[in-house]
Amino acid sequence: MNAYQTIADASDRVGESPVWDARAQCLWWVDIEGPFIRNAVLGHAKAVQSWRMPERVGCIALTAVHGQLIAAMETGIARVTLHAGGQVDTVWLAQIQHPAPGMRFNDGRCDASGRLWVGTMVMDMSLASDRGGLYCLDERGLTGPHIANLMTPNGLGMSPDGCTLYLSDSHPAVQKIWAFDLNLDHGFLSNRRLFVDMNDWPGRPDGAAVDARGHYWICANDAGQIHDFDPQGHWCQSLRVPMPKPSMCAFGGIDLDQLLVTSIIPAQCTEATRGSSGAVIALQPGVQGLPEPVFSRFPASV
C-alpha cells in the first residue's frame, strides 16, 4: 500500500470529479448518488462543506468566479453558485434530450480553450447499453455526440499541449482507453486510436488525470490501483490505494504534486473489505500535475 493522507472521510456513495481550485487552494468533488457537490481545504479533513443538488451530478468544472461551478447533471448542464449556508443558485446553460431513458451526464473535463467535454451514459450498467456519447459545451451550445456508441464514458484528460484528448469506456464489456487529436480552434476530434487496452491490466479504466510530463494516470476501478502510462501508452508504474474502487484522480496541492483520489463504496462489501471506500485521499506520486482549465466558453444565449 502506498503512503496516503485522508483529505475527507465523507463516505461518498459514488465520489467522482475531483477538481483542484488553485485560487482558493481547495478541492471540489461530487458524490453522484448523494447527490452532493463537496468542498474541502487540504489539512482540514473534518471541515467538509456539502451542497445538495436537484439532480445527480456526473462532473463539475471551475469558472472564473470562486464558488461558481459548471455542473453536468441528469437533464442538462448548469452554472451553479454555491453559498455558505448550503443554498444553490442554478442557471441552466444547456438541456439534453437523451436517446434512451434513465441516462445522465458522467465524466467530463475542460480543454485548454475553456470548452467542456462530457460523456453521457445509461445509469443501469447491467443493461450494457451503448447509447452514451461524448458531447461538448461551448459558445455553440451543447453539440454532439462527437463520439457515439459509448457505454460508460470516463477517463477524460488532455495532454500538456492541449492537442490530445483521452477518453475511456469503463464498462466491463469494453475497458479501453483511446486518444484523439483535438482541434482547439474549432472544437472537433479526429484520428481516434487505441491508447491502452485495459483488459490487459487489473481494474476497469475509470477517471484520470494527466501530469506535466504528459503521463496519463488512470484509476483502476475494482483493482484498488492507479496506473501510470507514458504518452505512448507504455505502463510505468502502479500505485496501490486503500479502497477497491478508486474512481477519479486530479493533481492538487500548493505545488500540484499531490494526486487526489475519490472513491466509491462497493455495493457488496464488509468492514474488512471496505477499507477507505467513500473517502478522498492524497498520494505523493513524485511528479507535478497541470493546473485545472477553467470553463470560459459560455453559450451565446447566456
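Here is a yes/no grid of residues against (1) within 17 Å of the chain's Cα centre (by Cα); (2) assigned to a loop (DSSP other than H, G, I, E, B):
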{"site": "ALA100", "(1), (2)": "no, yes"}
{"site": "PHE105", "(1), (2)": "yes, no"}
{"site": "ALA112", "(1), (2)": "yes, yes"}
{"site": "CYS136", "(1), (2)": "yes, no"}
{"site": "PRO145", "(1), (2)": "no, no"}
{"site": "ALA148", "(1), (2)": "no, no"}
{"site": "LEU156", "(1), (2)": "yes, no"}
#### Entry: Conditions (1) under 18 Å from the mean Cα position of the chain (by Cα); (2) more than 19 Å from ARG109 (Cβ to Cβ); number of the one not met by PHE251
(2)
### Task
Among the residues of the stretch 253-293, count how many are of a type in the set (A, V, I, L, M) and in a strand (DSSP E or B).
8
### Query
What do you reckon, is ALA250 outside any loop (DSSP other than H, G, I, E, B) and of a type in the set (A, V, I, L, M, F, W, C)?
yes
### Close pairs (9 angstrom Cβ cut-off, 6 or more residues apart or separate chains): outside any strand (DSSP E or B) in the stretch 1-22, of a type in the set (Ser, Thr, Tyr) anywhere
ASP9/SER276; ALA10/SER50; SER11/SER277; ASP12/SER247; ASP12/THR262; ASP12/SER263; ASP12/SER277
### Query
Would a scan of the stretch 180-188 turn up a residue that is among the aliphatic types (A, V, I, L, M) and either modelled with pLDDT under 95 or farther than 19 Å from ASP107 by Cβ (or both)?
yes
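The values are calculated or read from the model by the stated rules, or taken from the named source; none is laboratory data. Computed from a prediction, not measured in an experiment: that's the story for all the values here. Virtual Cβ from ideal backbone geometry, glycine too; neighbours counted across all protein chains shown.
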